[in-house]
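First up is the structure itself, then whatever we jot down about it.
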Amino acid sequence: MAPIATSNLKNFKPNEIRADNISKFDPNFTQNVIDAMGPKTKPRVRKLMASLIQHVHDFARENELTIEEWMEGVQLMNWAGKMSDDKRNEGQLVCDVIGLESLVDEIAFKLVADTSDSATASAILGPFFRSDAPLLPNEASIVQGVNGGEITYMHGHVFDLQTKKPVPNATIDVWQASTNGLYEQQDEHQVDCNLRGKFTADSNGYYAFYCLRPTPYPVPNDGPAGKLLELLDRHPMRPAHIHLIVMCDRYKPVTTQIFDRIDPYLKDDSVFAVKESLIVDFVDLKGNPRASLELEYNITLSPY
Ligand code: BEZ
Ligand code: FE
């Protein structure tokens with residue numbers, strides 16, 4: 001691009017978009033930063049970083065970002081890093097409250113689901129998954145120790161999207177928060193792996209376990225994610241949900257959450273994860289001494 005004539009610069013005013021389309025800022029700067037990548041940069045990294053640099057620079061120019069505002073952003077990132085450890089992922093939480101994890105989940109789901117209308121929809125993993133949940137037999141309970149709340153008999157079948165037949169041997173990994181709004185790794189009073197379990201669907205594709213009717217809870221809000229929520233005048237609540245990861249050989253795995261239809265926060269989940277097809281109905285259960293509620297939930301997997 002041709003150098004800007006000094007006569008073009010002297011009349012610049014803040015926030016002015018000039019009719020002659022000449023930027024008041026160095027028009028070559030962003031491209032120079034992008035072009036600084038060396039030849040050994042991998043193509044995908046080059047694409048992502050070029051796009052990120054372009055968007056971040058455009059954001060700074062469009063808003064005439066001040067040094068103080070930029071520094072506040074830097075401090076927020078540093079705070080998130082300092083707060084994070086193997087039990088707390090504040091960086092992920094910050095992404096969650098600005099909807100980024102839900103957007104990435106939606107992109108992933110749309111990309112893999114050629115017939116997405118009837119396979120079980122995905123939802124975000126969230127920061128409280130543990131890969132080492134205990135393997136439990138069908139009909140076992142994930143509720144350990146004292147939790148209060150309503151015990152639910154959750155059961156259903158896993159189906160093949162194409163054949164509509166049951167899929168045997170799928171693994172259903174489930175986790176949920178206790179009635180005090182905390183996952184077991186957040187709460188020293190809960191038994192290790194409370195409210196977590198991995199189940200295997202039987203030869204008829206049937207799975208069953210006992211869990212709690214979930215209750216709404218706030219995402220941790222004593223750090224930068226909470227600060228952001230406060231700045232944005234938003235509450236930290238998540239609607240009541242149960243997390244699931246369902247996996248089976250030859251099928252695309254699904255990470256999802258199911259939501260209680262009567263929850264008041266369905267319309268304004270603080271992390272934007274609710275999808276209509278994932279809203280379920282808990283119903284009264286009579287004659288089962290182990291549970292007062294029942295939830296039948298069928299899962300449909302898409303073959304590779
Ligand atoms: C969760 O559902 O466990 C969760 C998701 C995003 C942020 C915090 C918690
Ligand atoms: Fe959760």
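The values are calculated or read from the model by the stated rules, or taken from the named source; none is laboratory data. Everything numeric here is computed off the predicted structure, so don't read it as measured data. When we count neighbours, we look across all protein chains shown, and the Cβ atoms used for this are built from the backbone with ideal geometry, even at glycine. Surface accessibility is based on the protein's heavy atoms, side chains included, excluding ligands, DNA and RNA. Shrake-Rupley method; radii C 1.70, N 1.55, O 1.52, S 1.80 Å.
Table for the structure above
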read-out	value
Sum of -39500 (n - 2.57) over DSSP H runs of 4+, divided by residues of the chain (222 nm, nearest 500)	-8000 deg cm²/dmol
Under 15 Å, Cβ to Cβ, from residue 75 - net charge with Lys/Arg +1 and Asp/Glu -1	-2
Hypothetical label at residue 140: residues of segment 231-264 whose amide nitrogen lies under 19 Å (7 Å Cα-Cβ projection)	243-248
Exposed-loop-free span, longest in the chain, where GluC sites (Glu not before Pro) count as exposed if DSSP calls them loop and at most 11 other C-beta atoms lie within 10 Å	65-187
For residue 281, net neighbour charge (Lys/Arg +1, Asp/Glu -1) across residues whose Cβ lies under 10 Å away	-2
Carbon plus sulfur fraction of accessible area for the chain, probe 1.4 Å, in percent	58
Anisotropy class of segment 37-80 from Cα gyration tensor, a/c 1.5 cut	oblate
Local electrostatic count at residue 200 - Lys and Arg +1, Asp and Glu -1, tallied over other residues with Cβ under 13 Å	-3
Surface accessible to a 1.4 Å probe, per residue, for the residues of segment 144-241, Å²	41
Considering only the chain, percent of DSSP beta bridges that pair antiparallel, nearest 5	75
Three-way shape label, segment 218-304, alpha-carbon gyration tensor, a/c 1.5	oblate
Fraction of the pair-distance distribution of the chain above 27 Å, Cα-Cα pairs, percent	54
